[in-house]
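The values are calculated or read from the model by the stated rules, or taken from the named source; none is laboratory data. Just so it is clear, the structure is predicted and the values come from calculations on it, not from any experiment. Every residue, glycine among them, receives a Cβ derived from its backbone with ideal geometry; neighbour counts consider all protein chains shown.
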Amino acid sequence: MTWSLPELPWLPAAEEFRERCRAVDPASSGADSELRRLANHTLDINQLSQLARLLGRCEAAGNALKTLGTVRLALLGNGTLSLLAPAIRATGLRHGLRVEVLEAPFGAVAQEALDAQSTVSQWKPDLALLAIDHRALPLIESIDNPGQSENGVVDSLSLIQTLRTNLRENAGAASIVQTVPSVPAALFGSFDAALPGTLGRAIDGFNRELADSIGASGDLLFDVASLAATVGLDRWHDSANWNHGKLPFDPHLTPLYADHLCRLLAAYRGKSRKVLVLDLDNTLWGGVIGDDGLEGIALGNGSALGEAFLSVQQMALRLRQRGIVLAVSSKNDEARALEPFRSHPEMLLHENHIACFQANWEDKATNIRAIAEELSLGLDSFVFLDDNPAERALVRRFLPQVAVPELPADPSQYASTIWAAGYFEAIAYSSEDGKRADDYQANASRRKLEGAAGDLDGYLRSLKMKIHFAPFDDPGRARISQLINKSNQFNLTTRRYSEVDVSDMQRQAGIFTLQVRLADMFGDNGMICVIVCRAEGSIWEIDTWLMSCRVLKRRVEEAVLQEIVTQARQAGIKTVVGRYIPTERNGMVREHYKTLGFDLVEQSDGGESVWRLDVASTADKSLPMQVIREGFTPVILDSAAAE
Amino acid sequence: MGRGEVYERLKKIFLDVFDSETEIGDRTTAADVEGWDSLSHIRLILAVEKEFRVRFAASEVGMLKNVGELVGLITAKAGS
């Protein structure tokens, strides 16, 4: 099979797809995982439509599809969107999402965005896609008066800005804005790029400024220009289908477009991948280390094969630098497997880049599960790269949450396959993200120490932890909403709030917020906990309590509670109320409030429970960490700091 | 490629596009197949293009009156 981007070559081919769709019982409890499984194949537009119809049957049967996240997406654009809607719904399943789609009437972009009573505004989507291309923007060519062309860029940007502002105000939605693909119709030829006032330069200018306008706006950028360029502009633009059906681009590219869009939706919901698990033999180097030995494996400059594997290592290293955690799972003797990492001069990856190294003869599903446990990360954040189709099939079968890319026969294309699959899509980046790979590694060292340490408190004191409390603020906002949208396990209520909501909480009276950071002798863990309390009379109800699982078993929960109680006391609050809402993922915190000394008030049949704590009768404890507070008004004296 | 073979492959496409078991023949028109509207017509053409590795011009797609004409177009294109 040839490697063809529009066919999503990182996905396995679908066999007997129609039959498998028909075999799904829409009302069954396993329907959601079967939907995801079906979506994880290379599907054309008709197969996506079939899957979308099946999803519709599940919804009609009242199936809650509990393991899927939900996104409400409004589509607004200047072309035909009807082909897109089912493709997005089906593709969303691949990314763990049930996407509800509302299609704005054809050509009614401005009316829908500007009118608070419009269908879109009333529907209250989470996100609104502005699928607008050069045909609907006042981008003009004016080579005799380039100023006019520049004005056209300004007008185009302000048009988009008006839509974004109004969608936020009227619909409460964040916008997804698209860059505009160039039009391969140069007036002079190459000279167009050098001549002010050409359409090509207007489009470039528009794209650059549109990208610059994203910043902390809370809106998302969909770089369609880059996608179109990657596919090829000649392929992308399809004037026959535009003239005939107002299709904005070659409809055969719809599955690829939908996958790129759904990556953004998944990132918005905190569902991006975080870990890359690598096989060794014939994945990181050519040959088998156990058979071919250090001199026999192909790696490094000088041979085509060696360079191909070098490019795989470059890809992994580049991902690690932006915070993706690397791990190894290989069927090997550990000593042999480590040899290239220690002694091969061309190895780019070293032992200290790998957070978790599993070389043994266990099956790979077991190994990957062990890696997930060691790193305290969910399997749905894993990508597994292996040249061996049998290993890939095994992992897909036993660990369907793990993304397992198909690989072409030629190792030269391994790296480009991973890049094309876009597993690690992110919609924001902070330097804290970049350090994440180091954090997980430090964590692995910590855990080893823990095994050795006799008494837990002694070990915790040896970590020299500093816990830092502050209310929500502007610099922390992106990370706060990121945590709110991606934390599943240590999350008492799993309530999701957008960046806009978080920004509102900063200002709203009657809301108490905490962002918590933790540093220790191994490094800075960054923000590890978010708290939102809502006041009602003399009661604070904890609306949101979530924590990073990285800092479990370190008495951080107790320190956070102590802070809530301290602040509650200052605010004249008598009672703190906690609530646990069970989900598929948060069973680990079922006893959270009980463990912390709260009393059970009520428990529903569904497992939801409400707990209360009397502020006056809660005494301060001595905890093995130093407390630092910042940004609270009025300033609270640091009286509770222990040790 | 003979019309018989085209029909065999076209039947599978109709199943995928329309979820419909309707028997198709030369005289079948959009009115005979449930769900055959302008939108699913685009999806039908896309599926045909993919299956038979052909490309249709917009004008050709617009002129088709029944399945027989579609099959004629496919044999003409795929045969050459």
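When each of A:Ser149, A:Ser226, A:Ser239 is tested for being more than 30 Å from A:Ser118 (Cα to Cα) and at pLDDT below 95, the lone residue that passes is A:Ser239. Scanning segment A:140-177 for residues being charged (D, E, K, R) and closer than 18 Å to A:Arg208 by Cα gives a total of 4.
Residue check: is A:Leu83 crowded, with 21+ Cβ neighbours inside 10 Å and modelled with pLDDT of 95 or more? Taking the combined requirement at face value, the residue does not satisfy it. The set of residues in segment A:39-79 that are farther than 18 Å from B:Leu39 by Cβ, crowded, with 17+ Cβ neighbours inside 10 Å and more than 25 Å from the chain's Cα centre (by Cα) comprises A:Leu54, A:Cys58, A:Asn63. Select from segment A:120-149 the residues that are acidic (Asp, Glu) and under 25 Å from the mean Cα position of the chain (by Cα) and list them in ascending order. Within segment A:120-149, A:Asp126 is the sole residue that qualifies.
Take the residues in segment B:7-23 that are more than 10 Å from chain A (Cβ to nearest Cβ) and under 10 Å from the mean Cα position of the chain (by Cα), then tell me which one is nearest to B:Gly72 (Cα to Cα). Checked segment B:7-23; the qualifying residue nearest to B:Gly72 (Cα to Cα) is B:Tyr7. Among the conditions (1) of a type outside the set (A, V, I, L, M); (2) in a strand (DSSP E or B); (3) surrounded by fewer than 20 Cβ atoms within 10 Å (Cβ to Cβ); (4) over 27 Å from the mean Cα position of the chain (by Cα), the only one that A:Glu558 does not satisfy is (2). Scan segment A:93-107 residue by residue and report those that are in contact with a helix residue (DSSP H, G or I) (Cβ under 9 Å, 6 or more places away or on another chain) and assigned to a loop (DSSP other than H, G, I, E, B). Within segment A:93-107, A:His95, A:Gly96, A:Ala104, A:Pro105, A:Gly107 qualify. Per the conditions (1) farther than 24 Å from B:Leu44 by Cα; (2) in contact (Cβ under 8 Å) with a residue 40 or more places away in the chain; (3) not small (Gly, Ala, Ser), the sole criterion not satisfied by A:Thr70 is (2).
One line per residue, one yes/no per condition, for (1) under 24 Å from the mean Cα position of the chain (by Cα); (2) closer than 14 Å to A:Leu326 by Cα; (3) aromatic (Phe, Trp, Tyr); (4) crowded, with 17+ Cβ neighbours inside 10 Å:
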position	(1), (2), (3), (4)
A:Asn352	no, yes, no, no
A:Phe357	no, yes, yes, yes
A:Glu362	no, no, no, no
A:Asp380	yes, no, no, yes
A:Arg397	yes, no, no, no
A:Val402	yes, no, no, yes
A:Pro405	yes, no, no, yes
A:Ala420	yes, no, no, yes
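How many residues does segment A:234-248 contain that are within 13 Å of chain B (Cβ to nearest Cβ) and part of a helix (DSSP H, G or I)? The number of residues fulfilling the criteria is 8. Is there a residue being under 25 Å from A:Ile45 (Cα atoms), modelled with pLDDT under 95 and assigned by TED's automatic domain parsing to the domain that holds A:Phe188 anywhere in segment A:135-142? Checked segment A:135-142: at least one residue is under 25 Å from A:Ile45 (Cα atoms), modelled with pLDDT under 95 and assigned by TED's automatic domain parsing to the domain that holds A:Phe188.
Here B:Ile42 fulfils each of the conditions (1) crowded, with 16+ Cβ neighbours inside 10 Å; (2) away from every other protein chain (no Cβ under 14 Å) apart from (2). Of all the listed residues (B:Glu51, B:Glu60, B:Glu34), the sole one being within 14 Å of chain A (Cβ to nearest Cβ), over 10 Å from the mean Cα position of the chain (by Cα) and touching a residue at least 40 places away in the same chain (Cβ under 8 Å) is B:Glu51.
Just name the residue that is surrounded by the most Cβ atoms within 10 Å (Cβ to Cβ) out of those in segment A:10-23 that are part of a loop (DSSP other than H, G, I, E, B) and modelled with pLDDT under 95. So, considering only residues that are part of a loop (DSSP other than H, G, I, E, B) and modelled with pLDDT under 95, the one surrounded by the most Cβ atoms within 10 Å (Cβ to Cβ) is A:Ala14. Return yes or no: is A:Ala90 touching a residue at least 40 places away in the same chain (Cβ under 8 Å), within 14 Å of chain B (Cβ to nearest Cβ) and either assigned to a helix (DSSP H, G or I) or hydrophobic (A, V, I, L, M, F, W, C) (or both)? Answer is yes for this residue.
Here A:Arg201 qualifies as over 27 Å from A:Ser503 (Cβ atoms), at pLDDT 95 or above and surrounded by 17 or more Cβ atoms within 10 Å (Cβ to Cβ). Only residues that are over 24 Å from A:Phe249 (Cα atoms), of a type outside the set (Gly, Ala, Ser) and free of Cβ contacts under 8 Å to residues at least 40 places away in the same chain: list them for segment A:156-194, please. If the condition is that a residue be over 24 Å from A:Phe249 (Cα atoms), of a type outside the set (Gly, Ala, Ser) and free of Cβ contacts under 8 Å to residues at least 40 places away in the same chain, then A:Thr165, A:Phe188, A:Phe191 are the ones that fit.
Taken residue by residue, segment A:249-259 has at least one member that is within 30 Å of the chain's Cα centre (by Cα), within 14 Å of chain B (Cβ to nearest Cβ) and β-branched (Val, Ile, Thr). Among residues of segment A:50-62 that are within 11 Å of chain B (Cβ to nearest Cβ) and touching a residue at least 24 places away in the same chain (Cβ under 8 Å), those with a beta-carbon under 7 Å from a residue that is surrounded by 15 or more Cβ atoms within 10 Å (Cβ to Cβ) and among the basic types (Lys, Arg) at least six positions away or on a different chain give the pairs A:Gln50/A:Arg18.
Which one of the conditions (1) away from every other protein chain (no Cβ under 14 Å); (2) over 29 Å from A:Glu15 (Cβ atoms) does B:Val67 fail to meet, given that it meets all the rest? All conditions are met except number (2).
Per-residue answers, yes or no, for (1) touching a Leu at 6+ places or on another chain (Cβ under 6 Å); (2) assigned to a helix (DSSP H, G or I):
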| residue | (1), (2) |
| --- | --- |
| A:Ala116 | no, no |
| A:Ser121 | no, yes |
| A:Ile140 | no, no |
| A:Leu167 | no, yes |
| A:Pro184 | yes, no |
| A:Leu187 | no, no |
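Of all residues in segment A:563-584 being out of contact with any Ser or Thr (no Cβ under 8 Å at 6 or more places or on another chain) and in a loop (DSSP other than H, G, I, E, B), which is surrounded by the fewest Cβ atoms within 10 Å (Cβ to Cβ)? Only one residue fits best here, namely A:Ala571.
Residues considered: A:Val183, A:Val224, A:Val177. Of these, the only one that is more than 23 Å from A:Tyr429 (Cα to Cα) and β-branched (Val, Ile, Thr) is A:Val183.
Please go through segment A:57-87 and give me each residue that is within 26 Å of A:Ala108 (Cα to Cα) and assigned to a helix (DSSP H, G or I), ordered by number. Those that are within 26 Å of A:Ala108 (Cα to Cα) and assigned to a helix (DSSP H, G or I): A:Leu84, A:Ala85, A:Pro86, A:Ala87.
Checking segment A:210-230 against the condition returns no match, with no residue being touching a helix residue (DSSP H, G or I) at 6+ places or on another chain (Cβ under 6 Å), more than 14 Å from chain B (Cβ to nearest Cβ), among the acidic types (Asp, Glu) and surrounded by fewer than 17 Cβ atoms within 10 Å (Cβ to Cβ).
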